[in-house]
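A.B. asks: Just dropping this structure here.
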Amino acid sequence: MALPDQASSGWDDALTSSFIAGDEQVLAAAYREFAPLVQTLALRALRDRSAADDVTQEVFIRVWRSRGTFNPQVARLPAWIVGITRNVIADAHAASTREIRKVLAVAGVRGSGEADPGQEAAEVLADRLLLDGELDRLGEPQGSIMKLAFFEDLTHEQISRRLALPLGTVKSHIRRSLSHLRNRLEVDHAAP
């Protein structure tokens, strides 16, 4: 049986039965073929190379451990690996959310499960922490522009004057940044 020599050669479905049977050489071939895709998906979703590396490793651990549940009549191996990748990315987002909750707990902020007057303040603080992190990931000048818009409630014109940027540039950065934030936060809220 021939193994793919290059990642660009495409997955040979004839290798799938050997993969299911536990052939470690075929796992290595699958890793060479799909790790770049998994890494790219994770990096796009998490915007953190270290976290993307962890996701890539976890995906292939799960792929190997659960290979007996893979059904080639339901999906091809590449699609199955992408599905596992999405689950691991969601788990990483959930872990990140748990870490934020731990930080809030250490800071003395009550959890969202308790109904009291401080609950709304805790949710606002959690949203602020999440938003601050996402704005920092935008880079410059987008992060500064969005912070001025969100936290100082400045208009486009005021931001343009304060940062000495053309008004059209400010508007373009805001539009792209809002789209990016919407995609990032939708993924965060979709994770359990």
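Laboratory data are not the source of any read-out in this text; all were calculated from the coordinates shown. Quick caveat, the model's predicted, so the values are computed rather than measured. Glycine gets a Cβ as well: all are built from the backbone with ideal geometry, and neighbour counts include every protein chain shown.
A.B. asks: Using a 10 Å cut-off on Cβ atoms, rank the peptides 56-69, 153-166 from the highest mean neighbour count down.
C.D. replies: Result, highest mean Cβ count within 10 Å first: 56-69, 153-166.
A.B. asks: Can you grab the distance from the C-alpha centre of segment 77-102 to the C-alpha centre of segment 154-179, Å, no decimals?
C.D. replies: Spelled out, the Cα-based centre of one part sits 33 Å from the other.
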